[in-house]
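The values are calculated or read from the model by the stated rules, or taken from the named source; none is laboratory data. Please read all numbers here as calculations on a predicted model, not as lab measurements. Counting neighbours? That spans all protein chains shown, and the Cβs are built from the backbone with ideal geometry, glycine included.
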Amino acid sequence: GEDVEQSLFLSVREGDSSVINCTYTDSSSTYLYWYKQEPGAGLQLLTYIFSNMDMKQDQRLTVLLNKKDKHLSLRIADTQTGDSAIYFCAESLSGGGADGLTFGKGTHLIIQP
Amino acid sequence: DAGVTQSPTHLIKTRGQQVTLRCSPKSGHDTVSWYQQALGQGPQFIFQYYEEEERQRGNFPDRFSGHQFPNYSSELNVNALLLGDSALYLCASSLARDGYGYTFGSGTRLTVV
C-alpha cells in the first residue's frame, strides 16, 4: 500500500533555512505536493513537482526529488515567523494529477526567535 | 473570487446519528474531493466527484456517501456515526483538465459524542 512518512517536528531559528523531508512509497506517483496548514485553516498548496523533475524553485521554496530513494524535500530559505505551520507532503493516489492524494502526518515547523 | 466554502464550520452529533456536510467549490472548478483529518494526522482521502459521479474512492466504509449537484457543489453524508468519525472534514476543489492544484476549504469540525 501507499504510505508517506515525515518527521513530526522541526525547530529552526528565524532567518535560517528549514529543510523538511518526506519519503513516499508509490513509485507510480506522477505528482508530488507540499501543502501548508496554519491553525484553524484548511490546506494551502505551496508547490508541486512532476516525477520527471529533480528540482523546482519558487522564490524562497526549493523542492528536491530523489526518485531512486523516493525522497522529497522542501527547503524554505530565510525562515520567518509567518512560516510557522504544519507542512504536509502528499502523493497522488494513482499517479494522475487529478486523483485523490495520500498525505503524510505532517511536520510541525517551529520558529525560534 | 470566492474560494471553497464549507458549511457548517462546527457540528456536534450523537453516536448513531446521520450528518450531512456541504461544500461549494471554487468558481470555475468542476471536481470536488473530500478528506477526513483526525487530530494530529494528515488528511485521508474519502472520495472524489466529477460530473455528478463518484470517480475515485479511498478506504472508507459505505457509511460514507456523497453527491455532486449540477452546479458542482457537493455533499458528504455519514450514517450511523461512530465516535471515531470525529474529525475535521475538508473539501477540495479542482479543475479536471488541469490535473493539479487543489483548493481546500477551511473544513467542518465534526464532534461525535
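Scan the range B:79-104 for residues that are surrounded by 21 or more Cβ atoms within 10 Å (Cβ to Cβ), at pLDDT below 95 and either more than 7 Å from chain A (Cβ to nearest Cβ) or within 11 Å of the chain's Cα centre (by Cα) (or both) and the total you get is 3.
For the range B:12-31, taking the residues that are farther than 25 Å from B:E52 by Cβ and not polar (S, T, N, Q), the one that is nearest to the other protein chains (Cβ to nearest Cβ) is identified as B:I12.
Identify, please: which residue in the range B:43-68 is hydrophobic (A, V, I, L, M, F, W, C) and assigned to a strand (DSSP E or B) and is, among those, surrounded by the fewest Cβ atoms within 10 Å (Cβ to Cβ)?
Among those that are hydrophobic (A, V, I, L, M, F, W, C) and assigned to a strand (DSSP E or B), it is B:F64.
Screening B:V112 against (1) touching a helix residue (DSSP H, G or I) at 6+ places or on another chain (Cβ under 6 Å); (2) without any contact (Cβ under 8 Å) to a residue 12 or more places away in the chain leaves a single unmet condition, (2). Take the conditions (1) modelled with pLDDT under 95; (2) farther than 26 Å from A:T30 by Cβ; B:N59 misses just one of them, which is (2).
Filtering the range A:22-37 to residues that are at the interface with chain B (Cβ under 10 Å from one of its Cβ atoms) and outside any strand (DSSP E or B) leaves only A:T30.
Would you say B:G40 is within 30 Å of A:T30 (Cα to Cα), surrounded by 17 or more Cβ atoms within 10 Å (Cβ to Cβ) and either more than 10 Å from every other protein chain (Cβ to nearest Cβ) or not aliphatic (A, V, I, L, M) (or both)? No: the conditions fail for B:G40.
A quick yes/no check of all residues on (1) of a type outside the set (A, V, I, L, M, F, W, C); (2) part of a strand (DSSP E or B):
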{"residue": "A:N52", "(1), (2)": "yes, no"}
{"residue": "A:Q57", "(1), (2)": "yes, yes"}
{"residue": "A:V63", "(1), (2)": "no, yes"}
{"residue": "A:R75", "(1), (2)": "yes, yes"}
{"residue": "A:G82", "(1), (2)": "yes, no"}
{"residue": "A:Y87", "(1), (2)": "yes, yes"}
{"residue": "A:D99", "(1), (2)": "yes, no"}
{"residue": "A:I110", "(1), (2)": "no, yes"}
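Among the residues in the range A:56-79, are any within 26 Å of B:E54 (Cβ to Cβ) and either away from chain B (no Cβ under 12 Å) or touching a residue at least 40 places away in the same chain (Cβ under 8 Å) (or both)? No, the range A:56-79 has no match at all.
Can you list residue pairs whose Cβ atoms sit under 6 Å apart, with the first residue in the range B:8-33 being within 13 Å of B:D85 (Cα to Cα) and of a type in the set (D, E, K, R) and the second being at pLDDT 95 or above and part of a loop (DSSP other than H, G, I, E, B)? Count only pairs 6 or more apart in sequence or on different chains. Hits for this filter: B:K13/B:L81; B:R15/B:L81.
Suppose the filter is surrounded by 13 or more Cβ atoms within 10 Å (Cβ to Cβ), out of contact with any Pro (no Cβ under 8 Å at 6 or more places or on another chain) and under 30 Å from B:S7 (Cβ atoms); does A:Y24 pass it? No; evaluated as a whole, the condition is false for this residue. With the structure loaded, tell me whether A:L45 is aliphatic (A, V, I, L, M) and either part of a loop (DSSP other than H, G, I, E, B) or within 14 Å of another protein chain (Cβ to nearest Cβ) (or both) or whether it fails that test. Here the answer is yes, as A:L45 does meet what is asked.
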